[in-house]
Amino acid sequence: MNNKVAVYRKEHFNAAHRLFNPSWDDAMNFSVFGKCANPNFHGHNYDLIIQVTGSVDERTGYVMDMKELSDIIKEHVIDVFDHKNLNVDVPYFQNLIPTAENICIVIFNILREKLDSKFEVKVRLYETERNFVEYPV
Ligand code: NI
């Protein structure tokens, strides 16, 4: 019997960023990224949805303990990203442009390593209510 279920945990963080490719001049950066290339940074209220898919454990009735999932996300993602300047404060973006796409991939890679390999993991990141990305696809 297929008893796979997807469980979801929603989290939230605030962070600042600047979209800027250092190999381009300012004009090219503003042409590609518009206001997001503003040198003084700007912030977003990010919503994050983590999907974990796995078989329901017969002993617990859970796919995984949601408290444990919440604790892992908090320690390894929220505490690292929340109220930070992603370009300046978060080492993952020292050489990576902190677009929603790249933030989503970074968060996936962090959580993939922390969660049991028996689970499928997917990350959806909302940069605004209307703009969101998902990885992997
Ligand atoms: Ni932005």
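Hey, if you drop one equal point scatterer on each alpha-carbon of the range 4-135 and run the Debye formula without solvent, what base-10 log of I(q)/I(0) do you get at q = 0.12, 0.15 Å⁻¹?
-0.50, -0.72
Counting only protein heavy atoms, what percent of the accessible surface of the chain is carbon or sulfur at a 1.4 Å probe?
Details: 4110 of 8340 Å².
Carbon and sulfur atoms account for 49 percent of the accessible area of the chain.
What do you get for trypsin sites (Lys or Arg not before Pro) in the range 36-93 restricted to DSSP loop and a cutoff of at most 11 other Cβ within 10 Å of the site's Cβ?
On the way: sites: R59, K67, K74, K84; in loops: R59.
For trypsin sites (Lys or Arg not before Pro) across the range 36-93 that sit outside H, G, I, E and B with at most 11 neighbouring Cβ atoms in 10 Å, the list reads R59.
Within the range 4-135, what is the number of lysine pairs with alpha carbons under 20 Å apart, leaving out pairs fewer than eight places apart on the same chain?
16
With every protein chain kept in place and ligands, DNA and RNA left out, what is the accessible area per residue of the chain? Probe 1.4 Å, answer in Å². Provide the component values of the computation, followed by the final result.
Working: 8340 Å² over 137 residues.
So the chain comes to 61 Å² accessible per residue, rounded to a whole number.
Go through 93-106, 11-24 and give me the packing order, highest mean Cβ count within 10 Å leading. Working shown, then result.
Numbers: 93-106: 18.0, 11-24: 16.0.
Those peptides, ordered most packed to least, come out 93-106, 11-24.
In whole percent, what relative contact order does the chain give with Cα contacts below 8 Å and a gap of six or more residues? Show your work: numbers first, answer last.
Details: 217 pairs, mean separation 41.3, N = 137.
Value for the chain: 30 percent.
Quick one: what are the phi-derived ³J(HN,Hα) couplings along the range 76-83, Karplus 6.51/-1.76/1.60 with θ = phi - 60°, whole Hz, x for glycine and proline?
Along the range 76-83, the couplings run 9, 10, 4, 5, 8, 9, 5, 6 Hz.
Can you tell me the length gained on complete extension of the stretch K4 to D47, counting 0.36 nm per residue apart and subtracting the Cα distance?
Numbers: separation 43, 0.36 × 43 = 15.48 nm, distance 2.53 nm.
Stretched out fully, the K4 to D47 stretch lengthens by 12.9 nm.
Please state the relative contact order of the range 3-62 as a whole percent: Cα pairs under 8 Å, 6+ residues apart? Don't jump to the answer; show the numbers that get you there.
Working: 77 pairs, mean separation 31.2, N = 60.
Relative contact order of the range 3-62: 52 percent.
Given Cβ point charges of +1 (Lys, Arg) and -1 (Asp, Glu) and nothing else, what value in debye, to the nearest 20, does the dipole of the range 4-135 about its Cα centre take?
Numbers: 15 positive and 20 negative charges, 40 e Å.
It works out to roughly 200 debye.
The values are calculated or read from the model by the stated rules, or taken from the named source; none is laboratory data. The structure displayed is predicted, hence computed values, not measured ones. Reconstructed Cβ throughout: ideal geometry from the backbone, glycine too, with neighbour counts over all protein chains shown. The accessibility values were calculated without ligands, DNA or RNA, using every heavy atom of the protein model including side chains. Shrake-Rupley method; radii C 1.70, N 1.55, O 1.52, S 1.80 Å.
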